Amino acid sequence: MKFGGTSVGGAERIAGVAEIVRAEANAGKQVVVVLSAMSGVTNTLLAALKDSANGNIAKLLQTREDLLKKHLDVINALVRDENARQTLTATTTNALDRFEDLCSSIYVLGEITPRATDAVGSLGERLIVPIAAQAFNDAGIPAQWVAANELIVTDDDFVAASPLLDETREQARAKLLPILENGSVAVTTGFIGATKKGILTTLGRGGSDYTATILGAALDADEVQIWTDVNGVMTTDPRIVPEAMTLPEISYGEAAELSYFGAKVIHPKTILPVAAKNMPIRILNTFEPTHPGTRIVREPKPNGSPIRGITAIRNVSLITVEGRGMQGVPGMAARVFSTVAREQINVLMISQSSSEQNICLVIESANAPRAIETLAHEFRHEMAAQNIERVWAQEKIVIIAVVGSGIKTTPGVAANVFGALAGKAINIIAIAQGSSEYNLSLVVDEKDADEAVRAIHRAIVKK
Ligand code: ADP
Ligand code: ASP
Ligand code: MG
């Protein structure tokens with residue numbers, strides 16, 4: 001059972017989590033609880049780290065105080081046992097002292113390393129887990145916590161580490177099974193792992209969902225429950241489209257596609273550890289625990305609609321390589337893609353006009369300057385000869401993806417999508433169908449993105 005940031009956002013929320021856990025434990029199930037940092041904490045920690053590297057530590061003391069208060073409030077509200085309360089107050093204070101030390105070191109160095117980012121970024125989970133475990137005990141739910149850096153062994157790709165599955169299986173079982181067999185609930189940190197040498201890593205932002213399925217797979221769990229703040233995976237982000245509807249069942253492939261293309265409700269890697277094992281995942285709402293939410297399974301029941309959802313990927317740039325001399329020259333596209341691949345830049349979408357005068361690719365904006373530089377270098381001779389006129393980036397664009405396994409085989413979906421955008425006079429910058437069988441993607445200006453999602457949702461999602 002994984003609970004996200006909002007679900008552990010304060011004492012009252014954590015008390016609610018305890019009741020949800022109690023219901024499962026009372027039903028005779030063995031439960032491992034994975035917790036995210038309290039909402040906002042990871043952002044606060046990473047912002048403080050960045051400020052420190054930029055020579056700005058004026059706010060550091062205040063940040064430390066705010067974080068301390070946030071966690072002491074939970075201790076004071078939920079922990080009755082006097083000894084436990086004192087111990088937790090001391091460990092929380094120590095952990096935040098260490099946070100201050102780390103930020104001060106980064107201030108002196110003036111540079112953040114990925115390893116330091118993980119040391120600081122992982123702190124939110126490490127702060128709340130011991131507190132929540134004690135709160136469970138105080139609520140009469142026997143619980144024991146263990147930090148996931150003792151469970152999940154990863155490579156040393158800091159900030160986006162991947163689990164080493166065999167080692168993780170061995171460690172997770174060795175640490176967690178005795179707790180479960182002892183009749184306790186095991187409570188652990190989301191988001192975190194450690195290298196073989198024991199150095200702390202993180203799985204990437206939003207990675208606690210992934211922690212839950214990594215551990216679910218390691219323990220051969222019956223199911224993985226991901227508890228969040230909405231009623232499951234919905235047809236689109238309910239913050240943008242209030243009439244978004246819950247999808248009762250979706251396939252592993254559709255879930256992967258929706259999350260990869262921006263449905264923040266689960267981390268894109270979440271399904272990897274469990275899909276091959278055919279282990280069900282359920283997405284549930286801590287604010288409405290009786291709602292059935294979404295089941296992610298191998299073969300969902302057909303629901304009559306080819307469309308599962310509409311997503312938006314932000315913070316991306318459209319890179320265009322263009323020039324009249326590209327027409328009919330074999331190998332141009334191959335060179336474009338191998339150049340960005342060499343730089344390890346992930347391409348989210350590709351599109352080429354039929355006139356062949358340009359090739360467009362969408363990548364994360366952070367990678368755009370590097371992509372332009374290396375492409376300009378790769379094609380320097382063609383540019384000198386004016387066969388390629390320019391390599392350039394268009395910023396402030398958004399990919400809108402319409403996802404569903406029936407899209408390619410259902411006539412009229414594309415027409416409805418384009419009709420909906422035309423109806424709102426929204427300009428489509430680029431189109432692609434085919435990064436997989438599951439989606440139709442298009443690029444629009446950032447200012448049109450929310451309106452585009454709403455218009456498409458209205459046009460193609462049937463009530
Ligand atoms: P948690 O802290 O529980 O991990 P997140 O904030 O990471 O929660 O993810 C839940 C949020 O994802 C929701 O509040 C919702 O706004 C957003 N979201 C985006 N797309 C979707 C979607 N298709 N279905 C459900 N939620 C979505
Ligand atoms: N706390 C981490 C983050 O904010 C992990 C998570 O919430 O899943 O990215
Ligand atoms: Mg999340």
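The values are calculated or read from the model by the stated rules, or taken from the named source; none is laboratory data. As the structure is a prediction and not an experimental result, all values here were calculated from the model. No Cβ is skipped: glycine too gets one built from the backbone with ideal geometry, and neighbour counts run over all protein chains shown. The area values use the complete protein model at the heavy-atom level, side chains included, leaving out ligands, DNA and RNA. Shrake-Rupley method; radii C 1.70, N 1.55, O 1.52, S 1.80 Å.
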Of (1) touching a residue at least 40 places away in the same chain (Cβ under 8 Å); (2) under 30 Å from residue 382 (Cβ atoms); (3) open to solvent by less than 20 Å² (accessible area, probe 1.4 Å), residue 366 fails just (3)
Would you point out which residue out of 115, 98 is touching a Phe, Trp or Tyr at 6+ places or on another chain (Cβ under 6 Å) and surrounded by fewer than 18 Cβ atoms within 10 Å (Cβ to Cβ)?
-> 115
From 201, 246, 228, 213, grab the single residue that is among the β-branched types (Val, Ile, Thr) and more than 16 Å from ligand 2 (Cβ to nearest atom).
-> 246
Among the numbered criteria (1) in a helix (DSSP H, G or I); (2) crowded, with 24+ Cβ neighbours inside 10 Å; (3) touching a Ser or Thr at 6+ places or on another chain (Cβ under 8 Å), which single criterion is violated by residue 104?
-> (2)
Do you know which residues across the range 9-41 are surrounded by 24 or more Cβ atoms within 10 Å (Cβ to Cβ) and within 23 Å of residue 62 (Cβ to Cβ)?
-> 37, 38
Checking residue 405 against (1) under 18 Å from residue 235 (Cα atoms); (2) hydroxyl-bearing (Ser, Thr, Tyr); (3) surrounded by fewer than 18 Cβ atoms within 10 Å (Cβ to Cβ), which single condition isn't satisfied?
-> (3)
Kindly indicate the residue of the range 118-129 that is open to solvent by less than 10 Å² (accessible area, probe 1.4 Å) and charged (D, E, K, R) and also farthest from residue 160 (Cα to Cα) among those meeting that condition.
-> 125
Restricting attention to the range 301-349, report how many residues are open to solvent by 20 Å² or more (accessible area, probe 1.4 Å), in contact (Cβ under 8 Å) with a residue 24 or more places away in the chain and either of a type in the set (Ser, Thr, Tyr) or farther than 30 Å from residue 246 by Cα (or both).
-> 12
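Within the range 357-454, considering only strands (runs of 3 or more DSSP E) that don't extend past its boundaries, which have at least 2 residues that are of a type in the set (S, T, N, Q)?
Counting at least 2 such residues, we get 439-445.
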Hey, residue 244 over 17 Å from residue 173 (Cα atoms) and touching a residue at least 24 places away in the same chain (Cβ under 8 Å) or not | yes
Over the range 266-295, the set of residues open to solvent by 20 Å² or more (accessible area, probe 1.4 Å) and hydroxyl-bearing (Ser, Thr, Tyr) is 290
Name the pairs whose Cβ atoms lie under 7 Å apart, with the first residue in the range 20-49 and in contact (Cβ under 8 Å) with a residue 60 or more places away in the chain, the second among the charged types (D, E, K, R), and 6 or more positions between them or separate chains?
-> 31/24; 34/2; 35/125; 36/125; 37/125; 38/70
Picking from 61, 46, 68, the residue that is at pLDDT 95 or above, within 16 Å of ligand 3 (Cβ to nearest atom) and either within 23 Å of residue 95 (Cα to Cα) or open to solvent by 10 Å² or more (accessible area, probe 1.4 Å) (or both) would be 46
Is it the case that some residue within the range 101-123 is touching a Gly at 6+ places or on another chain (Cβ under 9 Å), closer than 15 Å to residue 37 by Cα, within 16 Å of ligand 1 (Cβ to nearest atom) and not hydroxyl-bearing (Ser, Thr, Tyr)?
-> no
Just checking, which of 352, 357 is out of contact with any Gly (no Cβ under 9 Å at 6 or more places or on another chain) and open to solvent by 30 Å² or more (accessible area, probe 1.4 Å)?
-> 352
Considering residues of the range 216-265 that are within 13 Å of ligand 1 (Cβ to nearest atom) and among the polar types (S, T, N, Q) only, the residue surrounded by the fewest Cβ atoms within 10 Å (Cβ to Cβ) = 246
Across the range 49-58, what is the number of residues that are open to solvent by 50 Å² or more (accessible area, probe 1.4 Å) and within 16 Å of ligand 2 (Cβ to nearest atom)?
-> 1
Return a yes/no flag: does the range 187-204 have any residue that is within 16 Å of ligand 3 (Cβ to nearest atom), on the phi > 0 side of the Ramachandran plot and either open to solvent by less than 50 Å² (accessible area, probe 1.4 Å) or in contact with a Leu (Cβ under 8 Å, 6 or more places away or on another chain) (or both).
-> yes
The range 386-439, residues that are more than 26 Å from the chain's Cα centre (by Cα) and among the acidic types (Asp, Glu) | 389
